[in-house]
Amino acid sequence: MEWFPGEWYWIPEYFPKLLDGLWLTIKLLVLSIVIGMSLAIPIGLVQVTGPRPLAWLAKGFCTVIRGTPLLIQLWLIYYGIGSFFPQWGLNETFLWPYLRAGFPYAVFAFSISVAGYVGEVMRGAFRGVPKGELEAARSIGMSPFQILRRVWLPRALQNVFPTLTGEFILTLKATPLASTITVFEVYGIGSQIRQETYLIYEPLLLIALIYLCLAGPLIMMFNYLENKIPKRVS
């Protein structure tokens, strides 16, 4: 790469590892968003509809997740929960190759982080839907599930889609934390390159560019989805 200042001779050698790290980053992000959103919607909804004990439990969950660093949560899950499995004899089962790897713990930690942050966002989104629209849906004979699926959830998502996009971008930028529990996603590979080549700036610049290239399509995808949500419910 003579056309760009710096030492870039290492790229062909580490290119396969960078691709593997990129794929791991994408898997971690997608799984965390899907699982986290699946949890966040009922967490947000129950805070609005009740019953009160479940609403308090959901509110407490969001408070704990939002009030503690993600890195601490990640370490507690990996070094805490993971340390119990050998004591339970799971190291002698077919599950052990999966349970001893860091990736499932990273997915779990990032998923509950998304659930905690987005659950609070969805609480405000559900509460912000005008009651008149829900009453109109009831008046034409919609069931509670139909109201949620056809009116309440689409309107709530429409109101907070830009916020959700920002939360998911923050999740993407937090994925390097997974490298602290031996999940060598793209940042983890970049750290290996720095340690083995003794280069600092070039690997960091490349990793930053990769994350920028990931964030761009993610923003475009969510903008597309935002435009697909009906602006008006009839």
For this session: Pop out the ³J(HN,Hα) list for the stretch 154-160 in order, Karplus 6.51 cos²θ - 1.76 cosθ + 1.60 with θ = phi - 60°, rounded to Hz; leave Gly and Pro as x.
Result: x, 5, 5, 5, 4, 6, 10
For this session: Would you mind telling me which residue in 65, 200, 219 has the biggest mean-square fluctuation in a Gaussian network model of the chain, where springs connect alpha carbons within a distance under 10 angstrom?
Result: 200
Problem set entry | Assigned charges on the beta-carbon of Lys, Arg, Asp, Glu; the chain dipole about Cα centre (debye) | 1440
For this session: Quick one: what are the phi-derived ³J(HN,Hα) couplings along the stretch 13-28, Karplus 6.51/-1.76/1.60 with θ = phi - 60°, whole Hz, x for glycine and proline?
Result: 5, 9, 4, x, 5, 5, 5, 4, x, 5, 5, 5, 4, 5, 4, 4
Problem set entry | Label point distance in nm, residue 227-residue 27, each placed 7 Å from Cα along Cα→Cβ | 3.3
Exercise. Quick one: if the Förster radius is 30 Å, what FRET efficiency do residue 19 and residue 79 give, using the C-beta to C-beta distance and rounding to 0.05?
Worked result: 0.55
Seminar exercise, completed: Among 215, 205, 130, the residue whose Cα sits farthest towards the positive end of the charge dipole of the stretch 110-234, when +1 is placed on the Cβ of each Lys and Arg and -1 on the Cβ of each Asp and Glu, is 130
Exercise. How are the Cα pair distances of the chain distributed, in percent, across 5 Å bins from 0?
Worked result: 1, 6, 11, 14, 14, 14, 12, 10, 7, 5, 3, 2, 1, 0
For this session: Compute the distance in nm between two label points, each set 7 Å from the Cα along the Cα-to-Cβ direction, one at residue 11 and one at residue 213.
Result: 0.9
Exercise. From the phi of every residue in the stretch 57-63, what ³J(HN,Hα) in whole Hz does the Karplus formula 6.51 cos²θ - 1.76 cosθ + 1.60 yield, where θ is phi - 60° and glycine or proline is x?
Worked result: 4, 5, 5, x, 4, 4, 5
Exercise. How large is the helix-only mean residue ellipticity at 222 nm for the chain, computed as the sum of -39500 (n - 2.57) over DSSP H runs with n ≥ 4, divided by its residue count, in deg cm²/dmol to the nearest 500?
Worked result: -24500 deg cm²/dmol
Exercise. If you take the beta carbon distance between residue 146 and residue 201 as r and set R0 to 45 Å, what does 1/(1 + (r/R0)^6) give as a FRET efficiency, to the nearest 0.05?
Worked result: 0.20
For this session: Kindly state, to the nearest 0.05, the FRET efficiency for residue 191 paired with residue 131, given R0 = 35 Å and r defined as their beta-carbon distance.
Result: 0.10
Exercise. Measuring from centroid to centroid over Cα atoms, what is the spacing of the stretch 21-51 and the stretch 178-219 in Å?
Worked result: 24
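Every number here is computed from the coordinates shown, using simple stated rules; none is lab data. Values in this document were obtained by computation on a predicted structure and should not be read as measured data. Reconstructed Cβ throughout: ideal geometry from the backbone, glycine too, with neighbour counts over all protein chains shown.
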